[in-house]
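The values are calculated or read from the model by the stated rules, or taken from the named source; none is laboratory data. Computed from a prediction, not measured in an experiment: that's the story for all the values here. Cβ coordinates were reconstructed from backbone atoms using ideal geometry, including for glycine residues, and neighbour counts include every protein chain displayed.
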């Protein structure tokens, strides 16, 4: 995949591109990720990229010239999704992350100040995306969030792709409780069913716990009429993860 980030703060992305999921994707050559400094296309020698709003209003806006000219520097832009990170956008979810992972490329614009000129949004932006119902000072951190959510679905990025298929939202529910060794620590014991070796009982237990957690923390994800469909999707995701793990282990 080809990806680019257009920002006024390119230095924020340097450590991010060297660590974790994104770092592995770049290092393995699975993603061609470039960082574009919008200020390089400033309208004057002082580096001006913003201006007052017509009609008044709080906050400066990024002018259209630096935005359009930054985009036009990208030779593969015609086949890419042009994304603007904004609290006004569609909320990022599992399905959207997977959809973007299948695209030819992404160009992500990070706004600042009071936003960006609407003409850029109307003319070239294909996706306006929000990462949650809160406002931050710029689109850089939301862009990092988006990149990691998308890149982990690219084949070869995760060391264990089966992990992604059993994560929260991938199954239709929040994740179930997970345990590791030792089986008892400071009098706290792992549930017996988890170490029983009975895979059918383990799947049922995991589904019930995931359903309980989802009903408590994210009831908006639950429809009582489709609980059985959720269970089928949940168990199908777990079994897919198990099969991928078995194939990997030979």
For region 100-114, give me each residue that is in contact with a strand residue (DSSP E or B) (Cβ under 9 Å, 6 or more places away or on another chain) and surrounded by fewer than 18 Cβ atoms within 10 Å (Cβ to Cβ).
103, 104, 113, 114
Among residues belonging to region 24-33 that are crowded, with 16+ Cβ neighbours inside 10 Å and out of contact with any helix residue (DSSP H, G or I) (no Cβ under 6 Å at 6 or more places or on another chain), point out the one that is nearest to residue 126 (Cα to Cα).
26
Test residue 38 against the criterion of being touching a residue at least 12 places away in the same chain (Cβ under 8 Å) and touching a strand residue (DSSP E or B) at 6+ places or on another chain (Cβ under 6 Å), and give yes or no.
yes
Only helices (runs of 4 or more DSSP H) wholly contained in region 141-250 count here; list those with 1 or more residues that are at pLDDT 90 or above and farther than 23 Å from residue 103 by Cα.
199-217
Which count do you get for residues in region 119-152 that are within 9 Å of the chain's Cα centre (by Cα) and within 19 Å of residue 67 (Cβ to Cβ)?
3
Quick check: is even one residue across region 12-26 touching a residue at least 40 places away in the same chain (Cβ under 8 Å) and in contact with a strand residue (DSSP E or B) (Cβ under 6 Å, 6 or more places away or on another chain)?
yes
Some residue of region 46-53 being in the same structural domain as residue 116 (by TED's automatic domain parsing), loosely packed, with under 13 Cβ neighbours inside 10 Å, free of Cβ contacts under 8 Å to residues at least 12 places away in the same chain and more than 22 Å from residue 5 (Cβ to Cβ)
yes
Check region 35-44 and report whether any residue there is at pLDDT below 95 and either outside the structural domain of residue 83 (by TED's automatic domain parsing) or surrounded by fewer than 12 Cβ atoms within 10 Å (Cβ to Cβ) (or both).
no
Determine if region 100-108 includes at least one residue that is without any contact (Cβ under 8 Å) to a residue 40 or more places away in the chain, part of a helix (DSSP H, G or I) and touching a helix residue (DSSP H, G or I) at 6+ places or on another chain (Cβ under 9 Å).
no
